[in-house]
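Everything on this sheet refers to the single structure shown next.
The values are calculated or read from the model by the stated rules, or taken from the named source; none is laboratory data. This structure is a prediction, so every number in the text was calculated from the model and none was measured. Because the Cβ atoms are built from the backbone with ideal geometry, glycine has one as well, and the counts that use them run over all protein chains shown. SASA here: full protein model, heavy atoms, side chains in, ligands and nucleic acids out. Shrake-Rupley method; radii C 1.70, N 1.55, O 1.52, S 1.80 Å.
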Amino acid sequence: MANTTTEVAEAAGEIAGQAADAAGQATQSAGMPQLDFSTFPNQIFWLVVALVLIYLVLSRIALPRIAGIVADRQGTITNDIAAAEELRAKAVEAEKAYNKALVDAREEANKIVAEARVDIGKDLDKATAKADAEIAAKSAESVKRIDEIRLGAARNVEEVAREAAAAIVSAMGVKLDAKTVDSAVTALLKE
């Protein structure tokens, strides 16, 4: 009987051990904890908390800063475009002034020549040689004045073009020395 009791006890111990092993394996074979339906409410709660925190950080801090930077950049671009338009308008005005000065100088030269011809017509017989000399002198003076006006206007246009080019290049954020800008403007004006 003692053997039977011992055998029964051993068999009961073996069965209990097998049951414990089976329970351990069942717990381990349940899979990933994220897929355990018993933890879903807790996971959903923390997901909502994390999303709310991310939303608050983005809407209160990050997005207003980004919007401010974009607005500042747009304002800078708008101001630079307006400055470029203003400089272009000044260049157009300088060109118009140059053309007007050229036309006025030609009209004045023609007027001087016409007056000289009228004077010469009256004294044609007496002072033909003298009148021709005066006309040549006045024509030379007029041409010289026209050339001076032309050179002055060309210098003004060239100066305005250099200033406009330098302003536009610097507005674009490129840093060039004055020599490079001058050579580029000179090359373009020679074409």
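Calculated [222 nm] ellipticity per residue, helices only, for the chain: -31500 deg cm²/dmol; basis is -39500 (n - 2.57) per DSSP H run with n ≥ 4, divided by all residues, nearest 500.
What full-extension length gain, to one decimal in nm, is calculated for A84 and T180 as 0.36 nm per residue of separation minus the Cα-Cα distance?
32.6 nm
Straight Cα distances below 25 angstrom link K111 to the lysines K96, K100, K122, K126, K130, K138, K144, with same-chain residues fewer than 8 positions distant left out.
Using the Cβ-Cβ distance between V52 and D72 with R0 set to 22 Å, the FRET efficiency from 1/(1 + (r/R0)^6) comes to roughly 0.15.
With the highest mean first, a sort of the peptides 117-127, 150-160 on other beta-carbon atoms found within 10 angstrom per residue produces 150-160, 117-127.
Spin-label model, L35/K122: points 7 Å from Cα along the beta carbon direction are separated by 12.0 nm.
Taking Cα centre as origin and charging only the Cβ of basic (Lys, Arg, +1) and acidic (Asp, Glu, -1) residues, the dipole magnitude of the chain rounds to 1160 debye.
At a probe radius of 1.4 angstrom, the accessible area of the chain per residue rounds to 80 square angstrom. So what is the relative contact order of the chain, in percent, for Cα pairs below 8 Å that sit 6 or more residues apart? Relative CO of the chain lands at 19 percent. Take 104-116, 58-70 and order them by the average number of nearby Cβ atoms within 10 Å per residue, most first; the result is 104-116, 58-70. The aspartates and glutamates whose alpha-carbon is closer than 20 Å to the alpha-carbon of K179, local same-chain residues fewer than 8 away aside, are E158, E159, E163, E191.
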